[in-house]
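**Q** Can you keep this structure in mind? I'll have questions shortly.
A short reminder: the numbers here are calculations on the coordinates, not readings from a lab. Model, not experiment: these values are computed from the prediction. Cβ: placed from backbone, ideal geometry, glycine included. Neighbour counts: every protein chain shown.
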Amino acid sequence: MLVGIFGAGRNGSSLLMRLLDGSPGLWIYPIELNYLRSFAPRSLRSAVKRTLASCASHLPGQAGGTFEQRQRQLFRAWAADQLDELKQTYLDKLVQPITPDGVPLERIMARVTGDAKHDLESYLDAIRLCFDQRMLPATPLLMFKSIEVSDLSRYQAMFPGMKCLHIMRHPYSNYSSLKRTDMVLKQKPFWFQGGDILRLQLESRWIPHAEFTLQGLTTDPTRHYLVRYEDICDSPTRTVTDICSWLGVAPPDEPTVQTVLGGRHTKSLPINSSLKGVETPAEVVSDMAKAYGYDDILTERERNLILLRTYELGRRLGYFSEEDAAEVPARLPLFLQWLAPDQWEYMNASSKVRLARALIQRRLYLCRVLLSPLA
C-alpha cells in the first residue's frame, strides 16, 4: 500500500519523513517526489501525449512500439536523475554504506510499464528491493513525500487505496520560513516562485491543502491524517507513535532521531534550515527560530493578509482562537496598506521591468482577494 506525506513546503515534511523512517513497517523514499508533475501533468499538450501513448498498444507494428519506447525513455532518464540525487544526498553520507542488491536502474526499468498509475508503486518497490537490507517479517508499506498539494484530488483519484499524511504548519511561520529561504538565504526577488512567493504560498499551497485536509478528515478519516509541525517539535515521540498506530505499524526505535533508508544514520543531513550556516540537526529541536536566533521577517501587512486569508481554516486546524477573530483586518484598510512598495519588494531585484510587472501583478492579486465582491 502507498502512503503519501503531503506538505506545502517549508513545513517539516522532510523532518517527519526521517523520523518515521526507522519504523519496521515502512519503507520511505527519502527524496522529494513530485510524480504527477513529471508523468501526469495538467497541460492539454501532455494530456494529448498520454492519450496517444495509451492507444499505442492498438496501433500496428512500429507505431505502437514508438510510443511505448518514448515513455520508457522518459522514465529511464528521470529515474537515472533520481538515483544520482539519492547517491549524492544520502548514499555517499551513510555511516554504514549500502551495497545495492543488483543494478538499481535496471531493476527499476524491469518493472516500468509506461502506465503512471502502475509505475509509482513499482518504482518505489524496486528502490526498496535494492537498498532495504533489513530482515523484516512482512513487506513494509511504501511511503513518499510530495509538495504537490494542489494535485491531491488527482492523487486520490489515481491511487484510491493510498493513505495521506497531511503535515501543516502555522501560516505565519510557514510563510516566514519560505520568505527567509528564498529572499535572504538564496537572495531571490519576491517573484522567484510562480510570480509571487506570498500568493504562491497562500493561494496555491497552504489554503488548498488545508481545505483538502479538513474535507478528507471529515469524509474519510481512515485515509487522511493530520499532523502539525508544531506537535512534532513539541512532542516528537508521541506524535510519531500516534502516526504509526494509525498506519498499523510499529514505531521506530529512535522516534526523535532522523534516519534514512530503513533506519540508517548519516554523517550529515541535507541543509534544510532557512538561515545560512545552520546545519540540519539529527535530532528534533523544539524551536529552531529560538535556538538559532532567526529574525522575525514577517511585516505587519503580510501578517494581516495571512490572518485574513487563513483565519477560518487556521481556527479549525488549531492555529487561531475565537478571540483572534477580533484581529482580522478590514479589507479596504488592508488594501491601502499594500499600495506602496516596501523594502522587501525591492530586495534582490535585478530588473526594473520585471520588478514593475511583479508589483502590478501583486496589486492585482490583492485587489481581487480584498476588494472583489466575490472575495
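**Q** Say the dipole of the chain comes from +1 at the beta carbon of Lys and Arg and -1 at that of Asp and Glu; which of Leu124, Ser14, Ala358 then lies farthest toward its positive end?
**A** Toward the positive end, the furthest listed residue is Ala358.
**Q** With springs connecting C-alpha atoms under 10 Å apart, model the chain as a Gaussian network and identify which of Lys267, Lys145, Lys93 has the largest mean-square fluctuation.
**A** Fluctuation is largest for Lys267.
**Q** So which residue, out of Met109, Met162, Met347, gets the largest mean-square fluctuation from a GNM of the chain using Cα contacts under 10 Å as springs?
**A** Its mean-square fluctuation being the largest, the pick is Met347.
**Q** Let me ask something else about it. Between Ile360 and Glu279, what's the calculated FRET efficiency when r is the beta-carbon distance and R0 is 51 Å? Round to 0.05.
**A** Efficiency, from the Cβ-Cβ distance: 0.80.
**Q** I've got another one for you. Got the relative contact order for the chain handy, in percent, Cα pairs under 8 Å and 6 or more residues apart?
**A** 26
**Q** Report the equivalent ellipsoid semi-axes for the chain in whole Å, largest first, defined as the square roots of five times the eigenvalues of the gyration tensor built from alpha carbon atoms.
**A** 36, 27, 21
**Q** Now for a different question. Which entries in Lys179/Lys276; Lys87/Lys276; Lys93/Lys290; Lys87/Lys179; Lys117/Lys163 show an alpha-carbon gap greater than 21 Å?
**A** Cα-Cα > 21 Å for Lys87/Lys276; Lys93/Lys290; Lys87/Lys179; rest within.
**Q** Is the range 98-175 best put as rounded, prolate or oblate by its Cα gyration tensor, with a ≥ b ≥ c the root eigenvalues, rounded for a/c under 1.5, and otherwise prolate when a/b is larger than b/c, oblate when not?
**A** prolate
**Q** Give the calculated FRET efficiency between Ile98 and Thr139 to the nearest 0.05, with a Förster radius of 22 Å applied to their Cβ-Cβ distance.
**A** The formula returns an efficiency of 0.70 here.
**Q** Further question on the same structure: Return the single residue from Leu152, Leu86, Leu36 with maximal mean-square fluctuation; model: Gaussian network over the chain, springs between Cα atoms under 10 Å.
**A** Greatest mean-square fluctuation among the candidates belongs to Leu86.
**Q** Peptides 120-128, 220-228: what's the order by average Cβ count within 10 Å, highest mean first?
**A** So the peptides 120-128, 220-228, ranked by packing, come out 120-128, 220-228.
**Q** Once you charge only the Cβ atoms, +1 for Lys and Arg and -1 for Asp and Glu, what is the size of the charge dipole of the chain about its Cα centre, to the nearest 20 debye?
**A** The calculation lands at about 1360 debye.
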